[in-house]
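Each value in this text was obtained by applying a stated rule to the coordinates, not by laboratory testing. In this text the structure is predicted, and so the values were computed from the model without any measurement. Here Cβ is always computed from backbone atoms with ideal geometry, including for glycine, and neighbour counts include all displayed protein chains.
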Amino acid sequence: MTRLHPRSAVVRVARGALQGAFFGFFAGSVGAGTAFLPALSVPLVAVFGALLGGGYALARYLRFRYELDGDTLSVDSGVFARQSRQIPLGRVQNVDVEQNVVNRLLGLAVVRFETAGGSATEATLDAVDEAEVDRLRNYVRRRDREPAADSGSTMGAGQFDAGGPTDDALAGSDRDESADSIGPASADSEPDGELLFEFGWRELLTYAVVSVRPAAPVLTLAGLPLGMDVVRIALRFNADLVGVSEALRPWLFGSPEGTRLLVFAALTVAQFLLLALAVSVVLTVVEYHGFRLTRANGDLRYERGLLRRYSGNIPLEKVQTLTVRENVLMRRFGYASLVVETAGYSGGDQQSTQGVAVPLAARDEVYELARDIEPFGDLDFERPPVRARRRYVARFSLAAGGLTAVAYAVDSLVFETGYWWVALALFLPVVPAAHLRWRHRGVDLDDDVLATRSGFWRRTTRIVPYYRLQTVFVTRSPFQRRRDLATVGADTASSASLLGGVARAYDLDEAAAVELREELRRRLTAHIATRRRDDSVDDDAAVGDDSDPDDSVTSETAATDDEATASEEPTARDDAATGDEAARDDDAATGDE
Amino acid sequence: MERLHPRVRLLWALSSVVRTSVLAAIAFAVDRFLLALPQAAIAAGWLVLVLAGVGRALLAHRIWRFELQDDALFLIRGVVTRTDTSVPYVRVQHVDTTRGPLERSVGLASVVVYTAGSRGADITIPGLRPERATELRERLRDLAIESEATDAV
C-alpha cells in the first residue's frame, strides 16, 4: 500500500490548518464577544483550531493508502470511520486527472476513478505526482486487456476474474501497437498514441464563437459581488447616452417614446451580446486551451484547460451512447461536437463537461470518429409523420395564446398602455418553429445502431448500439393519443441519461412506435447473441486479423465484456448484418405511413 | 396480460387520502401560524384532491397491465401519459419484493425490477398478492439468469 505524495500532505495540512485557524478565530471572537472570554483567548483558540485542522488533515493523509495489485485497486481511508474499498479494474469506466494551479506548481495531480455503480466518484487520489499518474493510467488501461494469470494477486485475480480479459484480447490490442506487450511492471513508458484532434488558437476561438453561451454573462454577473450594480450602471449609462432616462418614467405609465426606447433596447441587447461573446470566449479559452484528443489501444485520452488542466481516459469498450451535438451556428459552418458516454459519471460536479470527446470539429470528422468507435452506416433519418407538425403548430399556438393572454392581463391591470396586442406577434413564428422542430426530428434504424435526432437550436443526435439497450418504452401523452402518435425511448446505462439524455424517437405513428419497440427488442437479443457467439470464436482468427481500425475497435469492445472475451470475427459480423437486413426490410414496410 | 389485484384501488385511494391529508395539515398549520387561509377552501381542496386521487386510482387499475413475454417483462401503465415499457430479462440486475406499511395493511406487495439503465432504472409492479409477488420475483430472477448477459457495464 502506498500513500499519496508527501507534497500533497503539505498542501492539505496547510489548508486544514488555515481552515481550523479561521474557524478558531471566528469561534474565539464570538466567545470573547458573548461569553466574556479574555481577548487574549482569540489567538489561542485560533492556534488550537489550526492544530486541530492540520492534525486532522495529517491523520487523513496518513490513513489514506492505495494499491494497484493484480486487477484490483484497493483504497483504505478514513480517520474515525474507516473504509476499505476494492475496485476491480475491469469495472473502471473512466480515469480522470485534474490539476489545479497549485498542484501544477507542485507537479501533482488528482486522479479520479469512476465505475458504473455508486452515487459518487468511487476513488479519488488527491494527489499523486505526474509519474504516478502515468503509471496508474497505463496500469488500468492495460489491465483491461491483459491476462490476469501473471499476477500472484491474492483475491483480485480469483474473485473478479469475470472481468478479467483473456489472451485473445491481448492479441487484439497488440495488433495496433506491438510495443504494448510489456507487462504492467514496466508500463511506464507509454507511447502517446495516435493524435485525433488538437486545438490551436484558431480552433479554440472558432469554438468559442460558435458555442457562444448567452446564459454565461447572466451567471457571471449574478455570481460577482457587484454584478447587479454593474448592470445598473451600464443601463443608466445607456439611458443617458440615448437621452431616454426622462422618457422611461412616462413609458411605464402610458406614453412610450418609441424610437429612443428602441435605440435604448437595441444598445442594451448589443452590449449584452458582446458581453456574452467576451465571457464565452474567456470561459472557452480557460476550459479548452491546449485541447488534444489521442487514441492509444482502445482508449480515447483527452487533455485540456489553461489554468486547471484536465485529462482523462475514455475506454472505448465501455461506450454506451454516442451523442453528436450541433447548434445552429455549428450546423451553418459544418461543425459538430461529439460526446462519448460511458456509465461512469454518477451525478455531481462534472456534468457539464463529462465525456466530451470532441468539443468541435468538422462534421465529417466527428462522424468518422464516431464510426470508428461504434461502427454504423450512413444515417438516414425518417421524419415523424406530417400530422406531428400540426401537433407542434397547435402546441406553439397554445403557448403563444397563453403568453398573449398574460400580456393582456398584465397590460389591462397594471400598465394600461393598450399595446398588449404586440404580443400577438408571437403567433408569427409559430408555423416556422413547428416546421423546424418537425424537420429536425427523426429516427433511423441502422444495422448496428439506433439513431435518434431532435432539436433545432441545439440539434442532438444520439447513437445507441443495439447491444447497449436497456429498457425500451413507448409513451403517449393525451395530445399524442388524439393524433395517434407515440414517442419511443431507448434507455442505456449511460450516465448522461440521468439528465434526460435518453435516445427518444418523437411522435412516431402509434403502430410504427409499437413495431419499433418490438424491433428494438429483437435486435437487442440478436446482437447480444452475436456478441456471445463471437466470444467463443477461435483464437487464431483474431490474431491473424489485420489492423482495420473498425475491427480493432470492435474487438476491444468485445474484450471488456465478461468472461470469455475475444475479438469480433468478420464472418460472424456479416451474419449479423444479413440477419438485420431482413429485419430492416419488414421494418421499413411498417414504418411507412 | 395480467392485471393488478383489484384491492390496489383501495391502496392507491388510501395513499392519496394520506398524501392529501398531509398537504391539508400543512395548509392548516400555515393558517394557524403564518397567514390566514380560508378553511373552507382548504377543506374543499382536500375533497377535490381526494376525489381526483380516487378517480385516478380507478383509472390506473383499469389501465395497468403486465406480462412476462418470452424475452422481456412488458408493462402498460399511466393515466395521463400512457407508457408501455419492455424490460429485457437480459438487463435485469436484481429484483425486490417490497411491502410498505399501507400495502401491508391491505395485504398487498410490490415487485421492483432494477436495470442498469438510468431513466426508469427501477420498475415497480404494485398491487400483487404477497404469494404472487414472491413467485413473480423468483420467476424474474430465473428468467434473468437464463438469459445471462455477456456484457456488464
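Once you put a point 7 Å from the Cα of A:Arg104 and another 7 Å from the Cα of A:Phe381, both along the Cβ direction, what distance in nm separates them?
With each label point 7 Å from Cα toward Cβ, the separation is 3.8 nm.
List residues of region A:203-235, by number, whose backbone nitrogen lies under 12 Å from a label position 7 Å along Cα→C-beta of A:Leu306.
A:204-205, A:208
Taking springs between alpha-carbon atoms closer than 10 angstrom, which of B:Val50, B:Val92, B:Val22 fluctuates most in the Gaussian network model of chain B?
B:Val22
When the chain is fully extended, how far beyond the present Cα-Cα distance does B:Ser147 get from B:Asp96, taking 0.36 nm per residue of separation?
Stretched out fully, the B:Ser147 to B:Asp96 stretch lengthens by 16.5 nm.
Quick one: dipole size for region A:258-320, taken about the Cα centre, charges +1 on Lys/Arg Cβ and -1 on Asp/Glu Cβ, in debye to the nearest 20.
80
Counting other beta carbons within 10 Å of each residue's own, what order do A:Thr492, A:Thr460, A:Thr115 fall into, fewest first?
A:Thr460, A:Thr115, A:Thr492
When only alpha-carbon atoms count, how far does region A:386-437 stretch along each of its three principal axes, as whole angstroms with the largest first?
Here the spans come out as 42, 13, 10 Å, largest first.
Which ordering of B:Ile125, B:Ile26 is given by a fewest-first count of other beta-carbon atoms within 10 Å? Spell out each step's value before the answer.
Numbers: B:Ile125 23, B:Ile26 11.
Starting with the residue having the fewest Cβ neighbours, the order is B:Ile26, B:Ile125.
Calculated from DSSP H runs of 4 or more alone, at -39500 (n - 2.57) each and per residue, what is the 222 nm mean residue ellipticity of chain B, nearest 500?
Result for chain B, helices only: -16500 deg cm²/dmol.
Sorted by average packing, counted as other Cβ atoms within 10 angstrom per residue and highest first, what order do A:326-333, A:16-23 take?
The packing order, highest mean first, is A:16-23, A:326-333.
Name the residues whose placed amide hydrogens come within less than 5 Å of the amide hydrogen of A:Leu37, ignoring near sequence neighbours (fewer than 5 apart) on the same chain.
A:Ala32
Can you give the FRET efficiency to the nearest 0.05 for A:Asp372 and B:Val48, using r as the Cβ-Cβ distance and R₀ = 56 Å?
Working: r = 58 Å, r/R0 = 1.04.
Efficiency, rounded to the nearest 0.05: 0.45.
At each listed q (0.27, 0.29 Å⁻¹), what is the log10 of I(q)/I(0) that the Debye formula gives for region A:1-63 modelled as equal alpha-carbon point scatterers?
So the normalised log intensities work out to -0.95, -1.03.
Please work out the C-alpha center-to-center distance from region B:5-61 to region A:357-426 and express it in whole Å.
Each part's Cα centre sits 37 Å from the other's.
Output ³J(HN,Hα) for region A:97-104: one whole-Hz value per residue in order, computed from phi by the Karplus curve 6.51 cos²θ - 1.76 cosθ + 1.60 with θ = phi - 60°, and x for Gly and Pro.
Result, ordered by residue: 10, 10, 10, 7, 4, 4, 5, 5 Hz.
Could you state the per residue volume, in Å³, of the convex hull enclosing the Cα atoms of chain B? Intermediate results must be reported in sequence, preceding the final value.
Working: hull volume 20.2 nm³, N = 153.
Enclosed volume per residue, from the Cα hull, is 132 Å³.
If amide hydrogens are placed 1.01 Å from N in the peptide plane, which non-local residues have theirs closer than 5 Å to the one on A:Asp507?
Those qualifying (amide H under 5 Å, at least 5 residues apart or on another chain) are A:Ala486, A:Thr487, A:Val488.
Evaluate E = 1/(1 + (r/R0)^6) for A:Arg85 and A:Asp134, where r is the Cβ-Cβ distance and R0 equals 25 Å; express this FRET efficiency to the nearest 0.05.
0.65
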